[in-house]
Amino acid sequence: MSTVLIVEDNDKNMKLARDVLQAKGYQTLEAITGEDGVRVAIEKKPDLVLMDIQLPGINGIEALRRVRADPACARIPIVAFTASVTPTDRSQISAAGFDGFLSKPINLKEFLDTVKRLLEAGRG
């Protein structure tokens, strides 16, 4: 069973992502701040991380850099999970090295397809 770490500071977004993933048989881990997200990713080494960009403490881009700096976590797929969808935001997110992009509010099919595709790619 694959484990997905959700780094999200909005309760409703966290609950929706958790409920959707668990209903599809995934295990979930949760973090509310960028720092917590980095700590949980390094300690638990999930199969995938969904990373909000606007977080309390360090933002999702800095959290991505810190997770990737740990050699044991460098290959974990990390998806930007954000309501920030301006062209500037998207180019910064893309340049940061995220493996995917999911906008909020979530599109259920796109959300599940992206999670499945990245988890399958991670095993390959």
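Output the Kirkwood hydrodynamic radius of the stretch 62-124, Cα pairs only, in Å rounded to one decimal.
Taking the inverse mean of 1/r over all distinct Cα pairs, the stretch 62-124 comes out at 12.5 Å.
Per the Kirkwood treatment, what hydrodynamic radius in Å, one decimal, follows for the chain from the mean inverse distance over all distinct Cα pairs? Please report the intermediate quantities before stating the final value.
Numbers: mean 1/r = 0.0713 Å⁻¹.
After inverting the mean inverse Cα-Cα distance, the result is 14.0 Å.
From the helices alone, meaning DSSP H stretches of at least four residues, give me the mean residue ellipticity at 222 nm for the chain, per-run term -39500 (n - 2.57), in deg cm²/dmol to the nearest 500.
-15000 deg cm²/dmol
If you build the convex hull over the alpha carbons only and average its shadow over all orientations, what do you get for the stretch 1-44? Give it in nm² to one decimal. Intermediate values should be presented prior to the final figure.
Details: hull surface 11.0 nm².
For the stretch 1-44, the mean projected area of the Cα convex hull comes to 2.8 nm².
Keeping to pairs on different chains or 8 or more places apart, tell me how many lysine pairs in the chain have Cα atoms under 14 Å apart. Please report the intermediate quantities before stating the final value.
Details: K12/K104; K15/K104; K24/K109; K24/K116.
Summing the qualifying lysine pairs gives 4.
Treating only the Cβ atoms of Lys and Arg (+1) and Asp and Glu (-1) as charged, compute the dipole magnitude of the chain about its Cα centre; round to the nearest 20 debye.
Roughly 340 debye, rounded to the nearest 20.
Ignoring ligands, DNA and RNA, what accessible area per residue does the stretch 36-122 give at 1.4 Å, in Å²?
Per-residue value: 50 Å².
Which order do peptides 46-54, 65-73, 33-41 fall in by mean Cβ count within 10 Å, highest first?
46-54, 33-41, 65-73
Among T28, T86, T114, which one moves the most in a GNM of the chain with springs linking Cα atoms closer than 10 Å?
The residue that fluctuates most here is T86.
If the chain between K24 and A72 were fully stretched, how many nm would it gain, using 0.36 nm times the residue separation less the Cα-Cα distance?
Length gained between K24 and A72: 14.6 nm.
Can you give the extra length, in nm with one decimal, that the chain gains between R90 and R117 once fully stretched, where that is 0.36 nm per residue apart less the Cα-Cα distance?
Difference between extended and current length: 7.7 nm.
Quick one: if the Förster radius is 30 Å, what FRET efficiency do N107 and E62 give, using the C-beta to C-beta distance and rounding to 0.05?
The computed FRET efficiency comes out at 0.65.
The values are calculated or read from the model by the stated rules, or taken from the named source; none is laboratory data. All figures in this text were calculated on a predicted structure; none of them were measured in a lab. When we count neighbours, we look across all protein chains shown, and the Cβ atoms used for this are built from the backbone with ideal geometry, even at glycine. Please note that ligands, DNA and RNA were not included when accessible areas were found on the heavy atoms of the full protein model with its side chains. Shrake-Rupley method; radii C 1.70, N 1.55, O 1.52, S 1.80 Å.
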